[in-house]
Amino acid sequence: EDGYDLWLRYPKAEGTALSTLSSHATSIAIAAQGDTAKVARDELIRGLGKMTGVNPTVAGTPQAGSIWLATPATDPALASQPVKLDGLGDEGYLIRTVTVNGNPVTLIAANREIGLLYGAFHYLRLAQGGGSLDRIDIRSTPKIKLRLLNHWDNLDRTVERGYAGQSIWDWWRLPEWKGPRYTDYARANASLGINGTVLNNVNAKPESLTAPYIAKAAALADVFRPYGIKVYLSARWSTPVELGELKTADPLDPQVAAWWKAKADEIYKAIPDFGGFLVKANSEGQPGPQDYKRNHAEGANMLAAALKPHGGIVMWRAFVYAHDNPDDRAKQAYADFKPLDGQFADNVLVQVKNGAIDFQPREPFHPLFGAMPKTPLMMEFQITKEYLGQSTNLTYLGTLFQETLESDTYAKGKGSTVAKVIDGSLDGHKLTGIAGVANIGVDRDWSGSIFNQADWYAFGRLAWDPELGAEGIAREWAALTFSPDRRIVDPVVRMMMGSREAAVNYMTPLGLAHIMSVYGHYGPGPWVDTLDRPEWNPVYYHRADAQGIGFDRTATGSNAIAQYAPEIARRLAKVSTTPENELLWWHHVGWDQKLSSGETLWDSLVHHYDQGVAYVQGMRQQWAALRPYVDADRFKQTETFLMMQEQDARLWRNACIAYFQSISKRPLPAGAAAPEHPLEWYKALKWPYNPGQP
Ligand code: BDP
């Protein structure tokens, strides 16, 4: 077991599970003939064949024990079944036990073939659960239209913030060689309902849009098409200039608009269902329309006009902060974008990170959610764990995703959750989207560790339905990845569910953020103050001084709270009504200030660091007890990584306590161990090569 099969392992069933499955999967009846219907059929044959040991036959019409894959266009007999396909849309499906000529049959029905494929994967999930398959009655439709992965993959196969080996896109050998991994990639994504992928890094190279690379992207699009996955590309704003074809990239220059129109036409000739462009503009040194004194909407709309005749879209990122802007970094995206609400073309989405800084272990939700009702806002989560322990630390992100999605923006009163902003229901948007920065590479296990696969899985499931809970998803994943046996599922889910909070505790407790080392954002570096831009330095974020610690974002400080709805701003204005887990994000708090627990802030800070370490120790113990239930390979990997995680957690704890104590000058609370080394020892630590560094 090297993890290659992800959650699509289809292990051989035994005992009653085997007999149940065998009797419910004798044959597959399918009339639809398209490529997508064929992959649905083949996936069922593969999955059921592996689980039962006998490949189901393919029948023209449903018989007793058939799985019947039907669309209205190909199966007139569907009309006489007691099922309604209205409301399922293009991608939804239903699975229902029905009777055909007196025989029990499992019907998977959808308006389009892609719904059949999603339904087939759902059925295979159920089949692996080992439960009854007798009276199934399921309807499912995705709540978000665009469910995308963003690959930060470079053309030289390095991956920015990628910790699972090189890029899976073998640009050199494309378009001729389309390795089997591409198909398995598409299967895995389709099994979750992911329907698009941006192939290249947001820090894009102009070459990505030249003819050879368009041909390579087209080859991938051909592989992905049967799986319902569209290809998108990141576009570098200055591409026409850097390719030497124009002197300017001013969006209002007609030559520039004509260049992009011709480029879009060229791409659509090669990829007729091309999805569109993702753009990082005027952000971290990337070029953009502001270089020509034009705003983001003017830039996005020019590209949108080029794509519009082909049905393409623009995803314009709101991840901006300027080196010459002295204002709080957390406020800058809102300041730039909020005034543009209503000015974007109807095929533009603004893609916003979950928080206002940058994928921290914990961030309050981004103030743009709820603040731009006239613009479809797309969520950007980071699945790759740049700031959460990268490939080795077990920090399940399902809970982080859920926490953001269920945050209440109060934009239209109580209950205006981020999920409702994203799924379009709050403001009546039809064009909706969610993106996850992929954690995929050429490692055999795809994601750098077995447990990192759960983050890809959770992202996909939440993209389908942002109101699914992280715990149910973890349960599903653990059952598919290990076994439905509760002796393994229960402890694994328990480990996962508290793991992200543990990382928050041993890295950035009580609302701290961005105090990672400069060497690749892995270890601790709260003392760092030497980087070129103030907001790249950890000291900018924690602001520890003799009095206290934290970033004052109330009216006495940067007043970032004013970017939120009044209900929220009021609550955040006072320490006493601010959620403790975000405290130092919003306030500069005195070291001796008493928290709700009765402890002083300083004591509480130390205790949180200790709790983080203790949780990791607990995970090691829980995992050790699972040895009898997990195959040796995957057991060993997790055992080793948890051992490394405990070292990391201790290092974080000791380094941060040593550093903060040098400023607070307070004694450690009773029972807390002194850091193993003096502060200078931690400061002198050098980290080895970090694979994801740009
Ligand atoms: C930060 C990463 C950087 C990315 C940037 C982005 O450190 O590598 O290029 O975000 O999202 O998280 O554009």
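For the range 224-292, just list the percent of Cα-Cα distances falling in each 5 Å bin from zero outward, please.
3, 15, 23, 24, 16, 10, 6, 3, 0
Arranged from highest to lowest average of other beta-carbon atoms within 10 Å per residue, in what order do the peptides 625-636, 651-662 appear?
Ranking, from highest mean packing down: 651-662, 625-636.
Place the peptides 516-524, 305-313, 678-686 in order of packing, highest mean first, counting for every residue the other Cβ atoms within 10 Å and averaging per peptide.
516-524, 305-313, 678-686
Give, to the nearest whole percent, the P(r) tail of the range 15-140 beyond 20 angstrom, counting all Cα pairs.
34 percent
Could you give log10 I(q)/I(0) at q = 0.16, 0.19 Å⁻¹ for the range 1-59, computed by the Debye formula over C-alpha point scatterers of equal weight, without solvent?
Values returned for q = 0.16, 0.19 Å⁻¹ are -0.54, -0.72.
Which whole-number percentage describes the relative contact order of the chain, with Cα contacts under 8 Å and a sequence gap of 6 or more?
After rounding, I find 12 percent.
Around GLY196, under 11 Å between beta carbons, what's the net of Lys plus Arg minus Asp minus Glu among the other residues?
+2
Can you give the FRET efficiency to the nearest 0.05 for ASP42 and GLU176, using r as the Cβ-Cβ distance and R₀ = 25 Å?
0.55
Using a basic spin-label model with each label point 7 Å from the Cα along Cα→Cβ, how many nm lie between MET644 and THR97?
According to this spin-label approximation, the distance is 4.6 nm.
Check LYS230: other-chain or 5+ apart residues with amide H under 5 Å from its amide H, H built from backbone geometry?
Amide H neighbours of LYS230, under 5 Å, 5+ apart: GLY196, THR197.
Hey, what angle do you get for helix 35-52 against the long axis of the chain, alpha-carbon based, 0 to 90 degrees rounded to 10?
90 degrees
Roughly what would the spin-label model give for GLN343 and LEU252, points 7 Å off Cα along C-beta, in nm?
Placing both labels 7 Å along Cα→Cβ, they lie 1.1 nm apart.
In terms of Cα to Cα distance under 18 Å, which lysines are near enough to LYS420, apart from those fewer than 8 places away along the same chain?
By straight Cα distance, LYS420 reaches LYS143, LYS145, LYS353, LYS374, LYS412, LYS430.
Modelled label-to-label distance, ASP545 and ALA674, 7 Å Cα→beta-carbon offset: nm?
2.9 nm
Which one of ALA670, LEU651, THR640 has its Cα pushed farthest toward the positive end of the charge dipole of the range 639-689, where Lys and Arg give +1 and Asp and Glu give -1 at the Cβ?
After comparing all options, I get ALA670.
So how do 467-476, 248-257, 55-64, 665-674 stack up, highest first, on mean other-Cβ count within 10 Å?
467-476, 248-257, 55-64, 665-674
Of PRO212, ALA32, THR158, whose Cα points farthest to the positive end of the dipole of the chain (charges on the beta-carbon: +1 Lys, Arg; -1 Asp, Glu; origin at the Cα centre)?
The one lying farthest along the dipole's positive direction is ALA32.
Rounded to the nearest 0.05, what FRET efficiency is calculated for THR57 and LYS374 with R0 set to 56 Å and r the Cβ-Cβ distance?
Efficiency, from the Cβ-Cβ distance: 0.55.
Note down the net charge around GLU567, summing +1 for each Lys or Arg and -1 for each Asp or Glu among other residues with Cβ under 13 Å from its Cβ.
That sum, taken over residues with Cβ under 13 Å, equals +3.
Let me know the charge dipole size of the chain about its Cα centre in debye, to the nearest 20, where only the beta-carbon of Lys, Arg (+1) and Asp, Glu (-1) is charged.
780 debye
Quick check on the chain: of the DSSP beta bridges with both residues there, what percent are antiparallel, nearest 5%?
30 percent
Name the shape class, rounded, prolate or oblate, that the alpha-carbon gyration tensor gives for the range 146-481, where a ≥ b ≥ c are the square roots of its eigenvalues, rounded holds for a/c under 1.5, and otherwise prolate holds if a/b is larger than b/c and oblate otherwise.
In terms of gyration-tensor shape, oblate.
Take every Cα-Cα pair in the chain and report what % of them are more than 38 Å apart.
38 percent
Mind pulling the angle between the C-alpha long axis of helix 453-464 and the longest principal axis of the chain? Nearest 10 degrees, somewhere in 0 to 90.
70 degrees
Only the coordinates and a few stated rules stand behind these numbers; no lab work does. Values in this document were obtained by computation on a predicted structure and should not be read as measured data. Using ideal geometry, Cβ is built from the backbone for each residue, glycine included, and neighbour counts are taken over all protein chains shown.
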